[in-house]
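First up is the structure itself, then whatever we jot down about it.
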Amino acid sequence: MKPSKRNTKAVSLKDAIDGFLESFNLQSKYSETHLIVSWEKIMGKTIASRTEKIYIRDKKLFLKISSSPLRQELLMAKSKLISLINKELGNHPVEDVVFY
């Protein structure tokens, strides 16, 4: 059995981390965690305080909003919400938003 050759090319830290996350299928979990931490920054205190649950599954963002009028308003601005989230996360992990 031959030992594998070591890659001697210089790689940026960002590329190395992205490669690590991809090779261990952790990219979606990292995106979800990043979104949860950044939620108040993205949406503001008012919306963040009324958000009870948030998670990502199969490129869908699931939101549990405690205020019905706010949920309706976010539903009408769904495409803008997706755009804001993908801009923050950078790798387009969200394609749809589901309110429950």
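Answer with one residue from A48, S38, N91: the one whose Cα lies farthest towards the positive end of the charge dipole of the chain, charges on Cβ with Lys, Arg +1 and Asp, Glu -1.
Of the listed residues, the answer is N91.
Under a 1.4 Å probe, what is the accessible area of the chain per residue, stated in Å²?
I get 76 Å² per residue for this part.
Taking the simple approach of a point 7 Å from Cα along Cα-to-Cβ for both D15 and S38, what is their distance in nm?
Result for the modelled spin labels: 2.2 nm.
Compactness ratio of the chain: Cα Rg over 2.2 N^0.38 Å, N = residue count?
My calculation over the Cα atoms of the chain gives 1.39.
Roughly how many percent of the accessible protein surface of the chain is carbon and sulfur, given a 1.4 Å probe and a whole-percent answer? Before the final figure, lay out each step's value.
Numbers: 4170 of 7590 Å².
Solvent-exposed carbon and sulfur of the chain make up 55 percent of the total.
At a threshold of 8 angstrom on Cα-Cα distance, excluding pairs fewer than six apart, so keeping six or more, what relative contact order does the chain reach in percent?
24 percent
Can you give me the long-range amide H partners of L61? Hydrogens built in the peptide plane at 1.01 Å from N, cutoff under 5 Å, separation of 5 or more residues or another chain.
Those lying under 5 Å, H to H, from L61 are E95, D96, V97, V98.
Using label points projected 7 Å from each Cα along Cα→Cβ, tell me how many nm separate S49 and S23, to one decimal.
With each label point 7 Å from Cα toward Cβ, the separation is 4.6 nm.
The values are calculated or read from the model by the stated rules, or taken from the named source; none is laboratory data. Everything quoted here is computed from the prediction, not taken from an experiment. Here Cβ is always computed from backbone atoms with ideal geometry, including for glycine, and neighbour counts include all displayed protein chains. Heavy atoms of the whole protein, side chains included, go into the accessibility calculation; ligands, DNA and RNA do not. Shrake-Rupley method; radii C 1.70, N 1.55, O 1.52, S 1.80 Å.
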